[in-house]
Amino acid sequence: MKAILTIIGKDRPGIIYEVTKILFKYNINILDMSQTIMEDKFVAMLNIDMNGAKADFEEISKSFEDLSEATGLDIRIQNEKLFEAMTRV
């Protein structure tokens, strides 16, 4: 399964490290990544491959929810098909 991971929040050092640490923990591969800084806001979107993940979607999602709460970042993970359906105009 592929998924889309989005990250939005106040820019600071270590954001990519904290997110990719979770991806590494669960053996999730980054297929594509786009990031930018908009004034003082960090904005990133990652297309990730979860086919080799060492946990189910719910456990991985919970890890990102916990990181979101701990850091104040808005971090969301969505199934790629659901993301595409929601963003289709």
> For region 24-76, what mean projected area does the convex hull of the alpha carbons give, in nm²?
Replying inline: 4.0
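Given Cα pairs under 8 Å that are at least 6 residues apart, what percent is the relative contact order of the chain? It would help to have the intermediate numbers written out before the result.
Numbers: 136 pairs, mean separation 37.5, N = 89.
Worked out over the chain, it gives 42 percent.
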> Hey, which lysines would be in cross-link range of residue 25, C-alpha to C-alpha under 25 Å, not counting anything within fewer than 8 residues on its own chain?
Replying inline: 2, 10, 54, 62, 81
> Which whole-Hz couplings ³J(HN,Hα) result when phi for each residue of region 10-22 is put into the Karplus expression 6.51 cos²θ - 1.76 cosθ + 1.60, θ = phi - 60°, listed in order with x for Gly and Pro?
Replying inline: 4, 5, 6, x, x, 4, 4, 4, 4, 6, 6, 4, 5
> What residue among 23, 67, 31 shows peak mean-square fluctuation when the chain is described by a Gaussian network model with Cα springs under 10 Å?
Replying inline: 31
>> Tell me the relative contact order for region 22-64 as a rounded percent, counting alpha carbon contacts under 8 Å between residues six or more apart.
In response: 42
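I need the shape label for region 1-48. Rule: rounded when a/c is under 1.5, else prolate if a/b > b/c, else oblate, with a, b, c from the alpha carbon gyration tensor. Spell out each step's value before the answer.
On the way: a/c = 2.98, a/b = 1.61, b/c = 1.85.
The shape class here is oblate.
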> What does the accessible area per residue of the chain come to in Å², with a 1.4 Å probe and no ligands, DNA or RNA counted?
Replying inline: 65
> Out of 27, 70, 6, whose Cα points farthest toward the positive end of the dipole of the chain (charges: +1 Lys, Arg; -1 Asp, Glu; placed on Cβ)?
Replying inline: 27
>> Once you order the gyration tensor axes a ≥ b ≥ c over the Cα atoms, which shape class does the chain get: rounded for a/c under 1.5, otherwise prolate or oblate by comparing a/b with b/c?
In response: oblate
> Given the protein chains as shown and a 1.4 Å probe, how many square angstrom of residue 30 are accessible, to the nearest 10?
Replying inline: 60
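Give the residue list of GluC sites (Glu not before Pro) in region 39-82 that are DSSP loop and have at most 11 other beta-carbon atoms within 10 angstrom.
Details: sites: 39, 58, 59, 65, 69, 80; in loops: 39.
Taking region 39-82 and a limit of 11 other Cβ atoms within 10 Å, the loop GluC sites (Glu not before Pro) found are 39.
The values are calculated or read from the model by the stated rules, or taken from the named source; none is laboratory data. Just so it is clear, the model here is predicted, and its values are computed rather than measured. Quick reminder, even Gly has a Cβ in these numbers, built from the backbone with ideal geometry, and neighbours come from all protein chains shown. When the accessible area is computed, the model is the full protein with side chains, heavy atoms only, and any ligands, DNA or RNA have been set aside. Shrake-Rupley method; radii C 1.70, N 1.55, O 1.52, S 1.80 Å.
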